[in-house]
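J.: Below: one structure in structure tokens.
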Amino acid sequence: MALLEIRDLHARIGDAEILHGINLTMDRGEVHAIMGPNGSGKSTLSYVLSGRDGYEVTQGDILMDGESVLEMEADERARLGMFLAFQYPVELPGVSGMAFLRAAVNARRKEQGLDEVDQLGFVKLARSVAKNLGVGDEMLKRAVNVGFSGGEKKRYEILQMALLEPSLAVLDETDSGLDVDALKIVSDGVNAQRGDNCGMLVITHYQRLLDHIVPDYVHILAGGQIVKTGDKTLALEVEKNGYAGIHNAA
């Protein structure tokens, strides 16, 4: 059974229909990249998958492990094992980073029928994982994302992913605003989560991220539809020739 099935997905926000029939199947252990020009529907796809308010599915279905998630709220999808890394992570003033992470991890563990992690045990776990991602104790003690640089926010999100151990990770332009060093740290953190139990959907404009997170499949999105699918060499073709030739041929 496929981890993720997107079947003839149509979606709109307000009166504007943005997705016009997306079809995609992903198995566990696979990394799929979604590329496309501005306005092609990439971020809309990530928001619809995660259940963000304001987006209406008008046709089609989204299934995880054979179960439709369309009637599930965003938090239900997260507990089921879906994780979304935002293009622009939001700040949560007054919310302790450590408390936020522990609450999220324990909600996921409860869904899996596992015991919650106590405060002391979680602090040890979080510090151990954070160290490998360049997230120091001072970041963990601060409110979520408040005063963080762009690179710090992205590292903090990858820390969330590492602790939550999702079955489906959707990375929405996670390379946005990162310098070369931060991109390497974030990519290493993502690659550390690759494995037989997790599938990843990597949404990006640029080939540079895919030099670090090498995909099994690349899909080109244009006008709310997947117009071409290939292996990692398709991203190199886009880097060399742009999207126009692919779109016109499709």
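J.: Which is farthest toward the positive dipole end of the chain among Leu9, Ser50, Phe122, measuring Cα position about the Cα centre, with Cβ charges +1 (Lys, Arg) and -1 (Asp, Glu)?
T.: Going by the charge dipole, the pick is Phe122.
J.: Let me ask something else. Rg to Rh ratio, region 42-164, alpha-carbon atoms and Kirkwood radius?
T.: 0.99
J.: Can I ask one more? From zero outward in steps of 5 Å, how is the percent of C-alpha pairs of region 146-250 spread across the bins?
T.: Spelled out bin by bin, region 146-250 gives 2, 11, 22, 22, 17, 13, 8, 3, 0, 0 percent.
J.: Calculate the spin-label point distance for Lys232 paired with Val90, positioning each point 7 Å from the Cα along the beta-carbon direction, and give it in nanometres.
T.: Those two pseudo-labels are separated by 3.5 nm.
J.: Further question: If the chain between Val123 and Asp27 were fully stretched, how many nm would it gain, using 0.36 nm times the residue separation less the Cα-Cα distance?
T.: In short, 31.3 nm is gained.
J.: Only residues of region 125-157 count here: report those whose backbone N is under 11 Å from the spot 7 Å along Cα→Cβ of Arg208, or say none.
T.: Nothing falls inside the zone, counting backbone N under 11 Å.
J.: Could you give me the percent of Cα pairs per 10 Å distance bin for region 191-250, shortest bin first, beginning at zero and ending with the bin that holds the maximum distance?
T.: 20, 53, 22, 5
J.: Here's another thing I want to ask about it. Select from region 3-111 those GluC sites (Glu not before Pro) which occupy a DSSP coil region and have at most 11 other Cβ atoms within 10 Å, ordered by residue number.
T.: Qualifying residues, ordered by number: Glu71, Glu73.
J.: Something else: With +1 on the Cβ of every Lys and Arg and -1 on the Cβ of every Asp and Glu, and nothing else charged, how large is the dipole of the chain about its Cα centre, in debye rounded to the nearest 20?
T.: 660 debye
J.: Straight-line reach from Lys154: which lysines have Cα under 16 Å away, leaving out those fewer than 8 places along the same chain?
T.: Partners within reach: Lys131, Lys184.
J.: Next up: Taking the Cα centre of the chain as the origin and placing charges on Cβ (Lys, Arg +1; Asp, Glu -1), which of Ala182, Val31, Gly60 is farthest toward the positive end of the dipole?
T.: Ala182
J.: Follow-up question, since we're still on this one. Mind listing the Cα extents of the chain along all three principal axes, in Å, largest one first?
T.: That works out to 57, 40, 35 Å along the principal axes.
J.: Antiparallel DSSP bridges in region 4-249: what percent, to the nearest 5?
T.: 60 percent
J.: Over all distinct alpha-carbon pairs, what is the Kirkwood Rh of region 1-104 in angstrom?
T.: Evaluated over region 1-104, this radius sits at 15.1 Å.
J.: Given region 136-203, what whole percent of its Cα pairs are spread farther than 20 Å?
T.: Summing the P(r) of region 136-203 above 20 Å gives 27 percent of all pairs.
J.: Expressed as a whole percent, how much of the Cα-Cα distance distribution for region 168-217 exceeds 18 Å?
T.: For region 168-217, the share of Cα pairs beyond 18 Å comes to 20 percent.
J.: Let me ask something else. Trypsin sites (Lys or Arg not before Pro), restricted to region 1-82: which are DSSP loop and have at most 16 other Cβ atoms within 10 Å?
T.: Arg28, Arg52
J.: For the pair Asp188 and Lys131, how long in nm is the line joining their label points, each one 7 Å along Cα→Cβ?
T.: It works out to 1.4 nm between the two label points.
Here, each number is a calculation from the coordinates, and none is a lab measurement. This structure is a prediction, so every number in the text was calculated from the model and none was measured. We place every Cβ from the backbone using ideal geometry, glycine too, and count neighbours over all the protein chains shown.
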